[in-house]
Amino acid sequence: VNYIGLTITDLNTEKITYKNTWATNLEVSENNIADLIGAARSRWKVENEGFNILKNHDYELEHNYGHGEENLAFNFFQLTLLSHLYHQAHELNDELYLQVKEKKETKKNFWDSIRSAIRNILFDSWEGLFCYLLNPPRMKYDLESQQLVPDTA
C-alpha cells in the first residue's frame, strides 16, 4: 500500500486551504503523482456530490436509515440507490420524463405531481402517467352522479 498526502497552503496568509490523504495499491512516482492526486480528488468530488444528492434532494438518505430487524436499514439504502439510478437513467433518455420535469420547473413540483397523480389514479404504464401529467384532462365533480366527469366548458 502506498500513501499520498497533499496539503495546499495559501502563500499570502499561510493558512491551509486543502488537506487530504489517500492510500493506493498503485506505484507512486514523480511522473504519476499529479495524475493520482487529480484522480483521487475527482473521485472524492463525485462521491461527495452523489451522497449530497441522496441526502438533501428528495431521497432523504440518513446515516442511521431505520432501526429494523436484520438487514432492513441496508435494504432501504439499496432501494434508495436503485431509485436514484433509475431516475438518472430516465434523465438521460426518457423524453416524456424530461418534458414533465421541464413543465413542473422544480424537482419538488415534479415529484409532488407524480405522488399526487399516483395516489389518486391507477395508470397502466409509466408513459400513461407522464402523458397525463403533460396534458391532464379538465374534470369536474358532478354532485348528482357523485363522480368526476369531463369538464367541457
In the range 43-61, what count of residues is obtained for those that are open to solvent by 100 Å² or more (accessible area, probe 1.4 Å) and not in a helix (DSSP H, G or I)? 1
Right, LEU79: loosely packed, with under 14 Cβ neighbours inside 10 Å, modelled with pLDDT under 90, over 20 Å from the mean Cα position of the chain (by Cα) and not in a loop (DSSP other than H, G, I, E, B) or not? no
Would you check which residues across the range 96-140 are of a type in the set (Phe, Trp, Tyr) and in a helix (DSSP H, G or I) and list them? TYR97, PHE110, TRP111, TRP126, PHE130, TYR132
Any idea which residue in the range 114-153 is least open to solvent (accessible area, probe 1.4 Å), counting only those that are out of contact with any Asp or Glu (no Cβ under 8 Å at 6 or more places or on another chain) and of a type in the set (Lys, Arg)? ARG115
Any residue in the range 71-91 that's among the aliphatic types (A, V, I, L, M): show its pairings with residues that are in a helix (DSSP H, G or I) and surrounded by 15 or more Cβ atoms within 10 Å (Cβ to Cβ) at Cβ separation under 9 Å, as long as the two are six or more apart or on different chains. LEU81/LEU54
Of the residues in the range 82-108, those that are of a type in the set (A, V, I, L, M, F, W, C) and open to solvent by less than 90 Å² (accessible area, probe 1.4 Å) number 4
Just to be sure before I move on: is ALA40 assigned by the TED database to the domain that holds THR21 and at pLDDT 85 or above in the structure I sent? yes
Could you give every pair whose Cβ atoms fall below 9 Å, whose first residue belongs to the range 28-39 and is free of Cβ contacts under 8 Å to residues at least 60 places away in the same chain, and whose second residue is in a helix (DSSP H, G or I) and open to solvent by less than 50 Å² (accessible area, probe 1.4 Å), counting only separations of at least 6 or pairs across chains? VAL28/LEU36
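The values are calculated or read from the model by the stated rules, or taken from the named source; none is laboratory data. Treat the numbers as computed from the prediction; the structure is a model and nothing was measured. Cβ sites come from the backbone with ideal geometry, for glycine too, and all protein chains shown count toward neighbours. When the accessible area is computed, the model is the full protein with side chains, heavy atoms only, and any ligands, DNA or RNA have been set aside. Shrake-Rupley method; radii C 1.70, N 1.55, O 1.52, S 1.80 Å.
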